[in-house]
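Here's the structure, in structure tokens; my notes come after.
Read-outs throughout are calculated quantities, based only on the coordinates presented, and are distinct from any laboratory measurement. Please read these numbers as outputs of a predicted model, since none were measured by experiment. Here the Cβ is made from the backbone with ideal geometry for all residues, glycine too, and neighbour counts use every protein chain on show.
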Amino acid sequence: MLNLNPYLPGIRSDEVYIIFVKEVEEIKKYIGRIIVPALFFILLLPYLGWLDHEERRFSAFEGIYLIVSLSIAWCLGAIYDNKRKTIALLQDSEGRYRIFSKYSKELVNSFNEVIFQTDEKGKWLYLNPAWKSMSGATVNESLGLHFSKHMDNTSYQAVLKAFAESFHQGNKYFRVDIKLNDSKKGTSWVEAFVKLIYDDAGKFIGTAGILSEINERKHAEEKLVSLNEHLAITSSKLSTAAQLAAGIAHEVRNPMTAILGFVKLIKDGNADKQEYYEIIFSEINRIEQVLNELLLLSKPTGAFFLEKDLKESCNHVVTLLETNAVLNNIQIHKNYDTEPIFLYFDENQIKQVLINMIKNSIESMPNGGNIFVSVYEKNGEVYVSILDEGEGIPENSLKKVGEPFFTTKSSGTGLGLSVCFKIIEKHGGKVFITSELKKGTKIVCVFPAVQPKDISGNNTVQGKELEQSGK
């Protein structure tokens, strides 16, 4: 490009223009300090009489007045320049904020996860559009509602527990799994990552966080838990059968000895055969009863619920374990209500629970003792109580009883009571355990009672096979 600037040799015209623009921009920074003093000076000219044509002397007072006025004007101009600079910075910041806000909003709205904010009372303040696909409710419908409106009570209690622990421990974050109620999809599992928000004074003012859908993970966990339960029940049954082998062998051998003796007497023809036949059949029935209870341990675990008298099942279990208890110098005492106690339950599973619990009581008394089994009904609920005189459970371990893989036995797997608790829960029951070292342990299982529909008819016991798909 040709040099079009004769006054600045060696510098091109476009460079001159750039320099000129920069100088103008630099001058603009001081425009207030230039214009304001100039205006003051012009306004003061008539007062000073400088515009008159007559010659007059400039007094010292007028000079000082002029300098002070121009100084004030210069300061006002400087303030004006600083304000203009601040306003320009604010405008630039506002523009950047608007651009950032726009793209941030677009980014947040594109997330599959739900971003939320609540106030200190737990009411929704903000939800991004992903909330609708996750919960089935629109954002406008949900804002202002309490977060508990969209989840079941169990999840709500889990959130309260996690929040309370985090709040009291001074943690600002916590995680919890929640089951959302969806009017279209039914239920949906989500993982909540929550941050507690405090103001400058340290006062809690709300929460913010992210909800991520974890349906696939939860379904996989449920399948794994179901598989583990099945394996645990099978393992528990095999273990029980092995541990009861000595008692069962003793229980079968005694009737067989009696049968062989009476058959020999009948063969010799030395006594009343009819009386011997009755004894023989009685002993055979005894063997059949024990073997039937043993076969229970190998039956499939599919739930088959029946409405029947719980006392009969308890008697069968006591019969199966009584000999094993006697071999360990232990007496099992039964205390049942005289009237039938009806319960809607799967006999196979409840017997497995009773076998496991009574077997634990037997194992807790290496030096012998007593076990008290009580079955009674009170206020529409059925109570099954098992009290032993064993070693007891330490207080710090009592809270962990029933957790998978927790055991106080040196050779235990920690799955027996975990499976039992799960079975009781599926039957709508609850378990309460109290224990005292060197005195014994008491386990109380509480179930909802069922009144027989027709005591004199055929509808007293009704069966219904239930699928094991989550029921």
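Suppose the filter is closer than 20 Å to residue 447 by Cβ and among the aliphatic types (A, V, I, L, M); does residue 326 pass it? Spelling it out, it is not the case that residue 326 is closer than 20 Å to residue 447 by Cβ and among the aliphatic types (A, V, I, L, M). Restricted to region 112-155, and to residues that are aliphatic (A, V, I, L, M) and crowded, with 16+ Cβ neighbours inside 10 Å, which residue is nearest to the chain's Cα centre (by Cα)? Filtering region 112-155 for residues that are aliphatic (A, V, I, L, M) and crowded, with 16+ Cβ neighbours inside 10 Å, the one nearest to the chain's Cα centre (by Cα) comes out as 151. Taken over region 133-159, the criterion of being in a helix (DSSP H, G or I) and touching a Ser or Thr at 6+ places or on another chain (Cβ under 9 Å) is satisfied by 134, 135, 142, 147, 148, 149, 150, 155, 156, 159.
Picking from residues in region 156-192 that are aliphatic (A, V, I, L, M) and closer than 16 Å to residue 214 by Cα, the one that is farthest from the chain's Cα centre (by Cα) is 180.
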